[in-house]
Amino acid sequence: MLSQFYCLFLLLLHFFVGVTLSEEGECRRLNRADIEGRLSTKTPYRAIANYDETPPKYAGCHPTRIWTIIRHGTRNPSESVILQAQNRLSEIKKRILDQTKPPICTAELEKLRQWHWMHLNATEDEKLLVAEGEDELIELAERMQRRFPDLLPELYNPEWYYFKYTATQRTLKSAESFATGLFGRHRIHTVRYPPPLHEDPVLRFYKGCGKWKTDVDKNPETLVNARRFLAEPQMQSAVEQVRSSTRLPDLQPEDVQLMYTVCAFETAWHRPRHDSGSKSSYESVWCNFFDVAALEALEFFEDLEYYWNDGYGYELTHRIACPAIADMFAAISSSEETRQRRANATLYFTHSGTLLKLLAHLGLARDNKPLTHKHFASERLWRTSQIDAFATNLAFLRYDCDKGNPQVLVLHQERVVRLPGCPQDKDLCPLATLRRIYANSVDHCDREKMCRV
């Protein structure tokens, strides 16, 4: 009987005192890996990078050309997110702190008191590449160079290398950071870049595509599945979980999504510091209010948005990626085949929308059925946290062989992928086979006709 009263006493004590009972033991509700791998397109690249730098070797074949397209690294949020964080999230912070017994431990309570985003100027700082984004591109370049030293030499030569970025600070700085990884900081001033374009027909083929803008991007029906998921039990449970963890029963789904977005950016900005005495000081206080199930529901909501706006939802969305595919074939073909001299290493720096549409054009991360609000519990390939993190990359490498025709190795996130229609039992795909699979992308890529409203 006494033991039953004792257990009841402990339960009541835990309920009233909460996680402050054990500051060190209970401050963190989730470990870092649980958070980092569920942040959709705000996932830091370190969470998915391939750290195996072993050069891939294929008997009798060696790489001679590379065409790679890379999303910019970790950046600041948009102007609207910065303003929401500075205003609405600051209100939520105040309401949590005003409680008699705030529902977080002492150390986290102090972090919440000190939290603010007033250091960000919403108009001047929006979407700028941050230090972590620079490191992501530097380290990616270093790993790529160690795998393919002959293809990515340490000395810059404008006839060998062709760099290009879009008319944004985040892709310019990403290109410069990648060049730093290849050539060293003291040599990057020699790298040549063509004038950047806002509506680049290869790097941002969807910009200026009127039909895509009206039929997909600005079409209210595009996000209907994401909106419907808000009413599904998993999303409602996520909202209730955060209401409970904050003790704010009137939080709205958009408040929970804002907390998730800020958690994501702050997690991406700061990698764990193992040399620090206090690891928690580098982790977002807002992540504390989520459990794994809530993070997974919020991630799925974003997967739905990107699937329908930038992926397989509408055929037009991925069809308009054909200029990039045509450019890839031109770059990895020899000058004898095309009668046009191209650099051996073509390096493009672009955006999430470009990479997702390209992946869909290639048939990668394609599920058997279209992704809808009812598919949360289903296994799915379309996971933006895996396929479209910051610094996401796609590469096509041409291999010339002592015997036989040229082959192509395709890499996504630094890992070999086998494209639909290519041999599924080997890494290399014959260049002729690849050309046949994507013949329409090269021979019938009439962007003007596809995009006409």
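Values computed for the structure shown
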| item | result |
| --- | --- |
| Matching residues in region 172-189 - criterion: being open to solvent by 30 Å² or more (accessible area, probe 1.4 Å), of a type in the set (A, V, I, L, M) and either in contact with an Asp or Glu (Cβ under 9 Å, 6 or more places away or on another chain) or closer than 12 Å to LEU155 by Cα (or both) | ILE188 |
| Count - residues of region 336-385 that are part of a loop (DSSP other than H, G, I, E, B), of a type in the set (S, T, N, Q) and open to solvent by less than 40 Å² (accessible area, probe 1.4 Å) | 2 |
| Leading residue by the ranking (surrounded by the most Cβ atoms within 10 Å (Cβ to Cβ)) among those in region 148-171 that are of a type outside the set (Val, Ile, Thr) and outside any loop (DSSP other than H, G, I, E, B) | TYR165 |
| Members of region 335-348 found to be hydroxyl-bearing (Ser, Thr, Tyr) and free of Cβ contacts under 8 Å to residues at least 60 places away in the same chain, listed by number | SER335, THR338 |
| In region 172-204, the residues that are basic (Lys, Arg), part of a helix (DSSP H, G or I) and in contact (Cβ under 8 Å) with a residue 60 or more places away in the chain | LYS173 |
| Some residue of region 243-252 being assigned to a helix (DSSP H, G or I), at pLDDT 95 or above and either closer than 19 Å to SER40 by Cα or within 26 Å of the chain's Cα centre (by Cα) (or both) | no |
| Residues of region 343-380 satisfying the condition of being of a type in the set (Val, Ile, Thr) and within 18 Å of the chain's Cα centre (by Cα) | THR350, THR354 |
| Tally of residues being open to solvent by less than 60 Å² (accessible area, probe 1.4 Å) and more than 21 Å from GLY60 (Cβ to Cβ) across region 402-417 | 4 |
| Matching residues, region 86-116, being of a type in the set (A, V, I, L, M, F, W, C) and either free of Cβ contacts under 8 Å to residues at least 40 places away in the same chain or assigned to a helix (DSSP H, G or I) (or both) | LEU89, ILE92, ILE96, LEU97, ALA107, LEU109, LEU112 |
| Filter result (assigned to a loop (DSSP other than H, G, I, E, B) and either among the charged types (D, E, K, R) or in contact with a Leu (Cβ under 6 Å, 6 or more places away or on another chain) (or both)) within region 218-235 | LYS218, GLU232 |
| Residue match in region 275-296 (condition: part of a helix (DSSP H, G or I), within 30 Å of LYS207 (Cβ to Cβ) and out of contact with any Ser or Thr (no Cβ under 6 Å at 6 or more places or on another chain)) | no |
| Filtered residues of region 37-69 (kept if farther than 16 Å from ARG143 by Cβ and outside any loop (DSSP other than H, G, I, E, B)) | SER40, THR41, LYS42, TYR58, CYS61, HIS62, THR64, ARG65, TRP67, ILE69 |
| The one condition in (1) at pLDDT 95 or above; (2) over 21 Å from SER40 (Cα atoms) that ALA238 fails to fulfil | (2) |
| Close pairs from region 302-319: first under 25 Å from PRO253 (Cα atoms), partner surrounded by fewer than 21 Cβ atoms within 10 Å (Cβ to Cβ) and of a type in the set (Val, Ile, Thr), Cβ under 6 Å, at least 6 apart | TRP308/THR222; ASN309/THR222 |
| Residue tally, condition surrounded by fewer than 24 Cβ atoms within 10 Å (Cβ to Cβ), among the aliphatic types (A, V, I, L, M) and not in a helix (DSSP H, G or I), over region 127-147 | 2 |
| Meets criteria (assigned to a loop (DSSP other than H, G, I, E, B) and either loosely packed, with under 14 Cβ neighbours inside 10 Å or in contact (Cβ under 8 Å) with a residue 40 or more places away in the chain (or both)) for ALA238 | no |
| When residues of region 418-442 are limited to those that are over 27 Å from the mean Cα position of the chain (by Cα) and of a type in the set (S, T, N, Q), the one surrounded by the most Cβ atoms within 10 Å (Cβ to Cβ) | THR433 |
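The values are calculated or read from the model by the stated rules, or taken from the named source; none is laboratory data. These numbers come from a predicted model, not from an experiment. Backbone-built Cβ (ideal geometry, glycine too); neighbour counts: all protein chains shown. Please note that ligands, DNA and RNA were not included when accessible areas were found on the heavy atoms of the full protein model with its side chains. Shrake-Rupley method; radii C 1.70, N 1.55, O 1.52, S 1.80 Å.
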